[in-house]
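Colleague: Could you have a look at this structure, given as structure tokens, before my questions?
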Amino acid sequence: MITEICFEDVLLESAKEVFETMIYMSVEQCPDCITVEGETLLGSITFTGSIEGCMAICCDKDCAKTIACNMLAMEGDDGISQDEIRDAVGEIANMLLGSLKASLLKKNVGNLDVSIPCVVSGRELTSSLGEGSVEIIMPIYIDESVAELILQYRIAK
Amino acid sequence: MAKSLLLVDDSATMRKIILRTLRMAGLDIDSFEEAGDGNEALEKLKDKPVDIILCDINMPGMGGLEMVKEVRKMDSCADTKIVMISTESAEELIEGVLADGANGYVTKPFTPESIQENLSPFMN
Ligand SMILES: [Mg+2]
């Protein structure tokens, strides 16, 4: 039953899998009062299936740069372009949803079709899901940086 | 014997990660080409068939599932091995693409070990 799934746990496990396996960065949940400040990047990807919605990661630009440098195994961060940073954040969103989907498959949610990731400057993820939708915002530490995992979903009609 | 390789993924970051992982896994690759989607990959294959294609599924333009079918129509790529690397993990989807002509499947996120394990049968 979808209503019995703890999406917070699934979300955190997905983030740990992606960051620890592919990027060699640690992930811990941090207190809810901590939020991402300043100029931010938002990588999001939508899905449809027995549940539908959107998953996103939001972090400040320094955190995004650190993540991208780790992904590319760069020593310093001087040579990295804005395009590379955006591409890295998009691919993180893609892998996060991939990992989330795999966990949900094991919980018999069925397969979800996913979009191509989208990366924008800013932090507002507007939901068009309407009534009956659920939003989870989970602040996490990625090494020492703060990011937010966002999941909006509803059970499809 | 060293192999030629075509890496197809819409994310340039992911292409770099995969290339680095191949090096870490010690696989013997002598020539290496990249493409950002299936259409670009097919263009490159027309000019120059390769031994191994590593292919993402979720890409704008032509995705990986369609690309596998197209590659399997090309006589020049009859011996080419195709290994999918994707965040998709549904069994039916994996079985489907293997039936369509892919030779291996690695799920993202991946480890160097899983890449090595899936590619080493095609390296001899
Ligand atoms: Mg992709």
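The values are calculated or read from the model by the stated rules, or taken from the named source; none is laboratory data. Treat the numbers as computed from the prediction; the structure is a model and nothing was measured. FYI the Cβ positions are ideal-geometry reconstructions off the backbone, even for glycines, and counts take in every protein chain you see. Ligands, DNA and RNA are excluded from the accessible area calculation, which covers all protein heavy atoms including side chains. Shrake-Rupley method; radii C 1.70, N 1.55, O 1.52, S 1.80 Å.
Colleague: To the nearest 100 Å², how much accessible surface do chains A and B hide from each other in total, with a 1.4 Å probe? Each step should come with its number before you reach the end.
Modeller: Numbers: alone 8240 and 6410 Å², together 12730 Å².
Accessible area lost upon association: around 1900 Å².
Colleague: Could you work out how much longer the chain between B:SER31 and B:GLN116 gets when fully extended? Use 0.36 nm per residue separation minus the Cα distance between them, nm to one decimal. All intermediate terms of the calculation are to be shown ahead of the outcome.
Modeller: Details: separation 85, 0.36 × 85 = 30.60 nm, distance 1.76 nm.
Full extension from B:SER31 to B:GLN116 adds 28.8 nm.
Colleague: Using label points projected 7 Å from each Cα along Cα→Cβ, tell me how many nm separate A:ILE34 and B:LEU98, to one decimal.
Modeller: 4.2 nm
Colleague: Solvent-accessible area per residue for the range A:90-135 at a 1.4 Å probe radius, Å²?
Modeller: It amounts to 49 Å² per residue over the range A:90-135.
Colleague: Of A:ALA102, A:ALA64, A:ALA15, which is the most mobile in a GNM of chain A whose springs link Cα atoms less than 10 angstrom apart?
Modeller: A:ALA102
Colleague: Going through the DSSP H helices of chain B, which span 15 Å or more along their own axis at the Cα atoms while scoring at least -0.5 as a mean Kyte-Doolittle hydropathy? Let's see the in-between values first.
Modeller: Details: long enough: B:12-24 (18 Å, 0.26).
In chain B, the long hydrophobic H runs are B:12-24.
Colleague: Let me ask something else about it. For B:GLU88, enumerate residues with amide H under 5 Å from its amide H, sequence gap 5+ or separate chain, H modeled in the peptide plane.
Modeller: Here B:LYS108 satisfy the definition.
Colleague: Given the DSSP H assignment, sum -39500 (n - 2.57) over each helix run of at least 4 residues in chain B and divide by its residue total; what's the result at 222 nm in deg cm²/dmol, nearest 500? Don't skip to the answer; put the middle values down first.
Modeller: Numbers: 5 runs with 49 residues, N = 124.
Result for chain B, helices only: -11500 deg cm²/dmol.
Colleague: Can you show me the helix-derived [θ] at 222 nm for chain A, built from DSSP H runs with n ≥ 4 at -39,500 (n - 2.57) apiece and divided by the number of residues, rounded to the nearest 500. Kindly include the intermediate steps, with their values, before the conclusion.
Modeller: Working: 3 runs with 48 residues, N = 157.
Only helices count here, giving -10000 deg cm²/dmol.
Colleague: Still on this structure, please answer the following. If one computes the Cα centroid of the range A:1-37 and of the range B:68-124, what distance in Å separates the two points?
Modeller: Each part reduced to its Cα centre gives a spacing of 29 Å.
Colleague: Determine, for the range A:4-155, the count of lysine pairs separated by eight or more sequence positions (or lying on different chains) whose alpha-carbon distance falls under 23 Å. Write down the numbers at each step before the final one.
Modeller: Numbers: A:LYS16/A:LYS61; A:LYS16/A:LYS65; A:LYS16/A:LYS101; A:LYS16/A:LYS106; A:LYS16/A:LYS107.
Lysine pairs, 8 or more places apart or on different chains, close enough: 5.
Colleague: Please arrange B:LYS81, A:LYS106, A:LYS157 by accessible surface area, largest first, computed with a 1.4 Å probe and ligands excluded.
Modeller: Ranked list, largest accessible area first: A:LYS157, A:LYS106, B:LYS81.
Colleague: Which three semi-axes in whole Å describe the equivalent ellipsoid of chain A, each the square root of 5 times a Cα gyration tensor eigenvalue, listed largest first?
Modeller: For chain A, the ellipsoid semi-axes come out as 26, 16, 15 Å.
Colleague: May I ask you to give the percent of accessible area on the protein assembly as shown that is carbon plus sulfur, with a probe radius of 1.4 Å?
Modeller: Details: 5980 of 12730 Å².
In the protein assembly as shown, the share of accessible area belonging to carbon and sulfur is 47 percent.
Colleague: Keeping all protein chains in position, work out how much accessible area A:ILE155 exposes to a 1.4 Å probe, and write it in Å² to the nearest 10.
Modeller: The accessible area comes out at roughly 90 Å².
Colleague: From other protein chains only, count the Cβ atoms within 10 Å of every residue's Cβ in A:94-102, then give the mean.
Modeller: On the way: counts 8, 7, 2, 2, 9, 5, 1, 4, 7.
Going residue by residue through A:94-102 and averaging, the value is 5.
Colleague: Nearest 5 is fine: what % of DSSP beta bridges in the protein assembly as shown come out antiparallel, could you say?
Modeller: On the way: 35 of 53 bridges.
Approximately 65 percent, going by the DSSP bridge assignments.
Colleague: Any idea what Rg and Dmax come out to for the protein assembly as shown if you just take the C-alpha atoms, in Å?
Modeller: So, for the protein assembly as shown, Rg and Dmax equal 18.9, 60 Å respectively.
Colleague: For helix A:82-106, report the angle its Cα long axis makes with the longest principal axis of the Cα atoms of chain A; keep it between 0 and 90° and round to the nearest 10°.
Modeller: The answer is roughly 30 degrees.
Colleague: If DNA, RNA and ligands are ignored and the probe is 1.4 Å, what is the ranking of A:TYR141, A:TYR153 by accessible area, most exposed first?
Modeller: Numbers: A:TYR141 75, A:TYR153 30 Å².
Sorted by accessible area, descending: A:TYR141, A:TYR153.
Colleague: Also, quick follow-up: Once R0 is set to 51 Å, what does the formula 1/(1 + (r/R0)^6) return for the Cβ-Cβ distance between A:GLU4 and B:ALA78, expressed as a FRET efficiency to the nearest 0.05? Provide the component values of the computation, followed by the final result.
Modeller: Values: r = 49 Å, r/R0 = 0.97.
Calculated value: 0.55.
Colleague: Work out the mean other chain Cβ neighbour count within 10 Å for the residues of B:17-29 and drop it here as an integer. Walk me through the numbers before you get to the answer.
Modeller: On the way: counts 7, 0, 0, 3, 1, 0, 0, 1, 0, 0, 0, 0, 0.
Counting Cβ atoms of other protein chains within 10 Å of each residue's Cβ and averaging gives 1.
Colleague: Here is a follow-up. With a ≥ b ≥ c taken as the square roots of the eigenvalues of the C-alpha gyration tensor of the range A:1-43, please select rounded if a/c is under 1.5 and otherwise prolate if a/b is larger than b/c or oblate if it is not? Present the calculation step by step, with values, prior to reporting the outcome.
Modeller: Numbers: a/c = 2.01, a/b = 1.28, b/c = 1.57.
The shape class here is oblate.
Colleague: With a/c under 1.5 counting as rounded, go ahead and sort the range B:3-122 into rounded, prolate or oblate using the C-alpha gyration tensor (a ≥ b ≥ c being the square roots of the eigenvalues; past the cut-off, prolate if a/b is larger than b/c, else oblate). List each step's numbers first, then the result.
Modeller: Details: a/c = 1.31, a/b = 1.10, b/c = 1.19.
Rounded.
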